[in-house]
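What follows is a single structure, written as structure tokens, with notes after it.
The values are calculated or read from the model by the stated rules, or taken from the named source; none is laboratory data. All values reported here derive from a predicted model rather than from experimental measurement. Here the Cβ positions follow ideal geometry from the backbone for every residue, glycine too, while neighbour counts run over all protein chains shown.
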Amino acid sequence: MAVPFKQIVVYIDGSESSMTAIMYAIKLAKEHDSSLTAVYVINTRALSELVKAGIFVAVERDEYLRDLAQDADRYLNHARRLAEEKGLEIETVKAEGTVHVVVKELLKSKEADLLVLGGITDIRSRREELASETDRMMRTAPCPVLVVRDDDDIWFEFEA
Amino acid sequence: MNVLDVLDKDLVKVPLLSSDKRGVIVELVDTLVKARGYSPQQGEQILDAVLARESLGSTGIGNGIAIPHAKSDVIEQVTMVLGISRLPIDFDSPDGEASRIFFLVLAPSKQASAHVELLASIARSCTSKIFRRLLEQARDSEEVVHLFME
């Protein structure tokens with residue numbers, strides 16, 4: 001029998017919903033005997049926008065860049081620990097750039113057949129500039145996307 | 001994360017009553033302290049963090065907007081307080097224009113990603129001159145929230 005998903009990529013950004021997504025992705029990868037990659041993208045585009053807009057001074061940009069790099073390590077390590085708990089090998093990728101662009105490139109290079117995301121919020125505005133990075137990833141991904149709702153049941157089931 | 005994820009009617013103050021830069025920051029922090037039930041000591045800690053950041057360089061960004069911000073572990077989640085002033089306040093903006101729209105953004109130190117995304121979202125959402133004009137003319141907090149939700 002063919003495996004439905006051979007190469008799964010899960011996007012994490014440190015939000016609670018992305019932590020739920022990683023749990024779901026680990027269970028899914030285990031179930032389907034798939035390869036799993038967790039990606040964290042340091043949003044250097046947003047940092048550049050903040051400096052350009054005059055919101056960040058240079059010293060602040062450097063400080064936040066370090067904070068974001070530490071966040072990336074922390075959350076990717078967390079993903080690795082969760083996968084190890086379930087006896088699953090996981091590849092972790094720390095990247096920099098415009099989030100949805102970097103994720104799209106990664107999906108292509110990995111020939112991923114599924115992107116797992118958390119954190120899709122309700123549509124509350126028609127204004128494009130208020131779309132989130134997760135919305136943009138969903139729209140631009142070259143493969144199917146699975147949106148995981150932040151749900152306590154997933155945490156309970158994972159920890160069971 | 002974007003503006004809509006943190007926009008809360010209870011954290012919008014229209015109009016602000018202060019007439020100078022420090023007063024506006026104090027008023028925005030005070031709005032947060034009252035709405036979220038922080039203690040006076042916690043309020044002081046938040047204020048100190050915002051003023052310390054402000055001492056590095058003004059967060060007045062031009063076009064009548066200022067975005068004072070800071071990291072503070074008093075705060076549990078990334079938080080935004082929005083204030084509109086009827087009178088233009090000198091915020092040392094690079095274009096020399098006084099400010100009427102103020103976003104106070106606070107985040108715990110371990111939520112750098114959400115903090116950065118929110119600040120960028122605020123900058124993007126205020127690029128429209130018409131939108132800024134509508135915000136400046138908003139009568140109350142409900143109207144401000146409505147403008148973002150349109």
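Among the listed residues A:18, A:34, identify the single one that is among the polar types (S, T, N, Q) and more than 11 Å from the chain's Cα centre (by Cα).
That would be A:34, the only listed residue that is among the polar types (S, T, N, Q) and more than 11 Å from the chain's Cα centre (by Cα).
Residue B:82 - would you say it is crowded, with 17+ Cβ neighbours inside 10 Å, within 23 Å of residue B:56 (Cα to Cα), of a type outside the set (Gly, Ala, Ser) and facing another protein chain (nearest Cβ under 10 Å)?
Taking the combined requirement at face value, the residue does not satisfy it.
For the structure I just gave you, tell me whether residue B:116 is under 30 Å from residue A:73 (Cβ atoms) and more than 14 Å from chain A (Cβ to nearest Cβ).
In short, no.
Output the number of residues of the stretch A:65-82 satisfying the condition of being away from every other protein chain (no Cβ under 12 Å) and surrounded by 22 or more Cβ atoms within 10 Å (Cβ to Cβ).
The total comes to 1.
Please determine, by comparing only the residues of the stretch A:21-66 that are part of a loop (DSSP other than H, G, I, E, B) and in contact (Cβ under 8 Å) with a residue 12 or more places away in the chain, which one is farthest from residue B:127 (Cα to Cα).
Only one residue tops the list, namely A:33.
Could you list, in sequence order, the residues of the stretch A:42-64 that are of a type in the set (A, V, I, L, M, F, W, C) and facing chain B (nearest Cβ under 9 Å)?
A:42, A:46, A:47, A:50, A:53, A:55, A:56, A:57, A:59
Suppose we keep only residues that are facing chain A (nearest Cβ under 9 Å) and surrounded by fewer than 16 Cβ atoms within 10 Å (Cβ to Cβ) within the stretch B:95-113. Which one would you say is nearest to residue B:17 (Cα to Cα)?
Looking at the filtered set, the residue picked out is B:109.
Here is a yes/no grid of residues against (1) in a helix (DSSP H, G or I); (2) modelled with pLDDT of 80 or more:
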{"residue": "A:117", "(1), (2)": "no, yes"}
{"residue": "A:123", "(1), (2)": "no, no"}
{"residue": "A:137", "(1), (2)": "yes, yes"}
{"residue": "A:143", "(1), (2)": "no, yes"}
{"residue": "A:150", "(1), (2)": "no, no"}
{"residue": "A:158", "(1), (2)": "yes, yes"}
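Provide a single number: the residues in the stretch A:35-48 that are among the polar types (S, T, N, Q) and either modelled with pLDDT under 95 or surrounded by 24 or more Cβ atoms within 10 Å (Cβ to Cβ) (or both).
Of the residues in the stretch A:35-48, 3 are among the polar types (S, T, N, Q) and either modelled with pLDDT under 95 or surrounded by 24 or more Cβ atoms within 10 Å (Cβ to Cβ) (or both).
Being within 20 Å of residue A:34 (Cβ to Cβ) and in a loop (DSSP other than H, G, I, E, B) is the filter here, so list the residues in the stretch A:72-105 that pass it.
Matches in the stretch A:72-105: A:86, A:87, A:88, A:89.
Does residue B:92 meet the test of being within 14 Å of another protein chain (Cβ to nearest Cβ), within 16 Å of the chain's Cα centre (by Cα) and modelled with pLDDT under 95?
It is true that residue B:92 is within 14 Å of another protein chain (Cβ to nearest Cβ), within 16 Å of the chain's Cα centre (by Cα) and modelled with pLDDT under 95.
Select from the stretch A:4-20 the residues that are away from chain B (no Cβ under 14 Å) and part of a loop (DSSP other than H, G, I, E, B) and write down the one among them that is modelled with the highest pLDDT.
A:6
Quick grid of which residues meet (1) within 11 Å of chain A (Cβ to nearest Cβ); (2) under 21 Å from residue B:97 (Cβ atoms); (3) surrounded by fewer than 22 Cβ atoms within 10 Å (Cβ to Cβ); (4) among the acidic types (Asp, Glu):
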site: B:26; (1), (2), (3), (4): no, no, yes, no
site: B:39; (1), (2), (3), (4): no, no, yes, no
site: B:63; (1), (2), (3), (4): yes, yes, yes, no
site: B:66; (1), (2), (3), (4): yes, yes, no, no
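Only one residue in B:61, B:46, B:25 is among the aliphatic types (A, V, I, L, M) and either part of a loop (DSSP other than H, G, I, E, B) or modelled with pLDDT under 95 (or both). Which one?
B:61
Name the one entry in B:124, B:132, B:139 that is of a type outside the set (S, T, N, Q), surrounded by fewer than 16 Cβ atoms within 10 Å (Cβ to Cβ) and over 13 Å from residue B:77 (Cα atoms).
Exactly one of B:124, B:132, B:139 is of a type outside the set (S, T, N, Q), surrounded by fewer than 16 Cβ atoms within 10 Å (Cβ to Cβ) and over 13 Å from residue B:77 (Cα atoms), namely B:139.
Of all the strands (runs of 3 or more DSSP E) wholly in the stretch B:68-108, which have at least 2 residues that are touching a Phe, Trp or Tyr at 6+ places or on another chain (Cβ under 9 Å) and within 17 Å of residue B:127 (Cα to Cα)?
Passing ranges, in order: B:79-89, B:99-107.
Only one of these is under 15 Å from the mean Cα position of the chain (by Cα), more than 11 Å from every other protein chain (Cβ to nearest Cβ), surrounded by fewer than 17 Cβ atoms within 10 Å (Cβ to Cβ) and on the phi < 0 side of the Ramachandran plot: A:86, A:94. Name it.
Criteria check complete, one pass: A:94.
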